[in-house]
Amino acid sequence: MKDIMKKIMIKISFAAGALAVMAGCQDNLWDEHYGLNGTVETRNLMQVLESMPEYSEFCSVVKRAGLDSVLATDQTFTVWAPDNKAMAGYTVNAETKSQFLENHISRYLYGGVDLADTSSVRVKMLNGKSQDYARENGNYTFAGVPVKAEEIPAGNGLVHGLSRIAPFYYNLYENICQEGNGTDSLAAFLTSFDEYTFNEEKSTAIGKNASGQIVYDSIFDFNNDWLRRYGHLHSEDSVYTMIVPSDEGWKKSRGRMAEYFRTFGETLKDTVKSLIIPDREYAVSTALSDSLSEAWMKQAICMDLVFRKDVDFSSVPGDSLASTSGNVFHHPSYLLAGAVEEPVSNGRIWKTDDLLHKPEESWLKTIVVEAENTSGRESNYAVISSRSSSATLFRDSVSEQRFIEVTATSENPRQQPIVQFTVPNTLAARYNVYCVFAPACAYMEGVEADSTKVNFYLNYVHEDGRMYEDEVIVGETPTNGSTMTKMFVTQIKLPYANYSESPFSGPETQDNDCVKLRVQANVARNETTKYTRTMRIDCLIFEPVIE
């Protein structure tokens, strides 16, 4: 710990011409480690480098970039200097300062003493990248490049010799957005969320223009809502593994997914036909419907590309891996079939021409509507009570251990209890629809068993843009009074998506309650001795049929 504190606190004082060190015997160990032995190195880093012919090529590049004056200041640096052999063939270009020189210079002192109690430390470079300084079997490396044994002290830092140039890698975001990298389609989507906000407090006024307005050396704050939610791909301090589709892979995914995100546009009519049953009409094949379909599809392509940390897909705990969206992939090694790895500074990229995510694990998932959730739920001729199964034998059978009990408010057979549910995030896909019922003993053991008969009414936007109910679907059998009943309702091919999964607003908002399932008791007056009009509903399930 004291070594770490020394590294942070040591400063160089040119006025005194001496290296300021902390008191105590640890200081002697520090000096001995760097070969000072009671002497003080007064030359700065640039002078030390220039005194060693084997680093002349590196010094020449430093001077051309104007960094020699930086290495001569009283600030503390560690220079990781490639020798002349390593510099052979290096060509100076417009990116030399940021991608080469600043990739070999770090602030503060980093030496072997930092690896006395650990095998690796992360070193933050002047260009913002982080490199690993590591020790293994008595040998040292920097960014995977062997470090020469001698540590060369200067009055304002240390020099480490390298036998090769340390590699420079773009971070995830930079890699994706590089022109000519074959990922223009993904880059266009991600950068569409880029926002730059002028920060007046951090900016410096440098004068006025001809109109008398203040001119700033401007600082802008960067924000990207997609990165904020799914992963800070631009941050050098974060580590992610990302599956990146090439432009060819993006094109294939569009072809595979477009039909599922076909949707409708503007609301043309919105009325209530009777009771709680909407009767609406929407415009189809309009600019709004096309833009919504496009936005939702792109979001679905991208939402499961990022995984936290540096992940080995072939060896994950429990054989399952969650993306940053929260979706879980089982035996995820299949996702990397045919992918090629590319190194980046904050993780790793697997570039592919085929995104292989299983629809049912990613963008075409089973939809479960919990009956106890009041959002999107309506009722008539009914009193609804929430029930818990946690104290009964059904605690593991009832979804989330809660269901609703729907009781009639009237004995009039024309006023059967009704409850209607909104089903969110449906796609233009085929679904098997189920309604799950619980028995009375699911919340109170020992009560008398009963059962009921039900009708179902499915309301959605049809091909012509009109939202209305289909003909009644009669429940296939009465509910079981003693066990859970998973009742098949129907198989339906929804012609339009009604999807609001994305947290990002599109060009306009769309009604988010355009798929509804109405459940209604169906017990005639002469059946009340055999059946009850009370319905106990656990959940609805819309299970996609993978075609």
So between ASP132 and PHE198, what do we pick up on full extension, going 0.36 nm a residue minus the alpha carbon distance?
-> 20.3 nm
Show the residues, 5+ positions off or on another chain, whose built amide H is closer than 5 Å to the amide H of ALA322.
-> PHE329
Starting from the amide H of ASN425, placed 1.01 Å from N in the peptide plane, find each other amide H under 5 Å away whose residue is 5 or more places distant or on another chain.
-> SER500
Karplus-derived 3J(HN,Hα) from phi for the stretch 271-276 (6.51 cos²θ - 1.76 cosθ + 1.60, θ = phi - 60°), whole Hz, x at Gly and Pro, runs 9, 10, 5, 6, 6, 10
Accessible area in square angstrom per residue, the chain, 1.4 angstrom probe = 48 Å²
Given the peptides 394-404, 300-310, arrange them by the average over their residues of other C-beta atoms within 10 Å, most packed first.
-> 300-310, 394-404
Along each principal axis, Cα extent of the stretch 120-205, largest first, Å = 49, 41, 20
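Once the cut-off is 15 Å, how many percent of the Cα-Cα pairs in the stretch 459-507 end up in the long-distance tail?
Working: 768 of 1176 pairs.
Value for the stretch 459-507: 65 percent of Cα pairs lie more than 15 Å apart.
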Could you give the nm distance between label points at LYS252 and SER397, where each point is 7 Å from its Cα heading toward the beta carbon?
-> 4.6 nm
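What FRET efficiency comes out for PHE504 versus ARG525 if R0 is 51 angstrom and r is the Cβ-Cβ distance? Round to the nearest 0.05. Intermediate values should be presented prior to the final figure.
On the way: r = 53 Å, r/R0 = 1.03.
Efficiency computed from Cβ-Cβ geometry: 0.45.
Translational D (Stokes-Einstein, µm²/s) of the stretch 434-481 at 10 °C and 1.306 mPa s when Rh comes from the Kirkwood sum over C-alpha pairs? Don't jump to the answer; show the numbers that get you there.
Values: Rh = 13.2 Å.
Once the numbers are plugged in, D ends up at 121 µm²/s.
Using a 1.4 angstrom probe on the protein heavy atoms only, could you order HIS330, HIS104 from most to least accessible area?
Numbers: HIS330 95, HIS104 0 Å².
Correct descending sequence by accessible area is HIS330, HIS104.
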Principal axis dimensions, the stretch 36-148 - Cα atoms, whole angstrom, descending | 39, 33, 26
Among ILE105, VAL515, SER482, flag the residue with its Cα farthest along the positive direction of the charge dipole of the chain, charges on Cβ as +1 for Lys/Arg and -1 for Asp/Glu.
-> SER482
Using the structure shown, list the pairs from LYS252/LYS309; LYS97/LYS148; LYS148/LYS309; LYS252/LYS298; LYS63/LYS148; LYS365/LYS493 with a Cα-Cα distance above 20 Å, or answer none.
-> LYS252/LYS309; LYS97/LYS148; LYS148/LYS309; LYS63/LYS148
Taking a quarter of the surface of the convex hull around the Cα atoms of the stretch 421-547, what do you get in nm²?
-> 10.0 nm²
Determine the distance separating the Cα centre of the stretch 57-113 from the Cα centre of the stretch 379-441; give it in Å without decimals.
-> 69 Å
Using a 1.4 Å probe and ignoring any ligands, DNA or RNA, find the accessible area of PHE222 and quote it in Å² to the nearest 10.
-> 70 Å²
What order do ARG377, ARG64, ARG43 take when sorted by accessible area (1.4 Å probe), most exposed first?
-> ARG64, ARG43, ARG377
Phi angles of the stretch 49-59, converted by Karplus (6.51 cos²θ - 1.76 cosθ + 1.60, θ = phi - 60°) into ³J(HN,Hα) in whole Hz with x for Gly and Pro, give 4, 5, 7, 10, x, 5, 10, 5, 5, 4, 4
Other-chain or far-sequence residues with amide H under 5 Å of THR490's (modelled H) | VAL433
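Between ARG228 and ARG414, what is 0.36 nm times their sequence separation minus the Cα-Cα distance? Round to one decimal in nm. If you can, show how the numbers build up before the last one.
Working: separation 186, 0.36 × 186 = 66.96 nm, distance 5.30 nm.
Result for the pair: 61.7 nm of gain on full extension.
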Helix-only [θ]222 nm of the chain, DSSP H runs n ≥ 4, -39500 (n - 2.57) each, per residue, nearest 500 = -4000 deg cm²/dmol
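Counting every Cα pair in the stretch 471-541, what percent are over 18 Å apart?
Within the stretch 471-541, distances greater than 18 Å cover 57 percent of Cα pairs.
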Rounded to the nearest 20 Debye, what is the dipole magnitude of the stretch 312-468 about its Cα centre when Lys and Arg each give +1 and Asp and Glu each give -1 at the C-beta?
-> 340 debye
So what are the radius of gyration and Dmax for the Cα set of the stretch 285-425, in Å?
-> 22.3, 71
Extending each Cα 7 Å along its Cβ direction at LYS269 and GLU294, get the distance between those two points in nm, one decimal.
-> 3.0 nm
Calculated from the structure, volume of the Cα convex hull per residue in Å³ equals which of [x] 204; [y] 241; [z] 192?
-> [y]
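The values are calculated or read from the model by the stated rules, or taken from the named source; none is laboratory data. Being a predicted model, the structure only gives us computed values, none of them experimental. All Cβ positions, even for glycine, are placed from backbone atoms using ideal geometry, and neighbour counts span all protein chains on display. Just the protein is used for accessible areas: all its heavy atoms, side chains included, with ligands, DNA and RNA removed. Shrake-Rupley method; radii C 1.70, N 1.55, O 1.52, S 1.80 Å.
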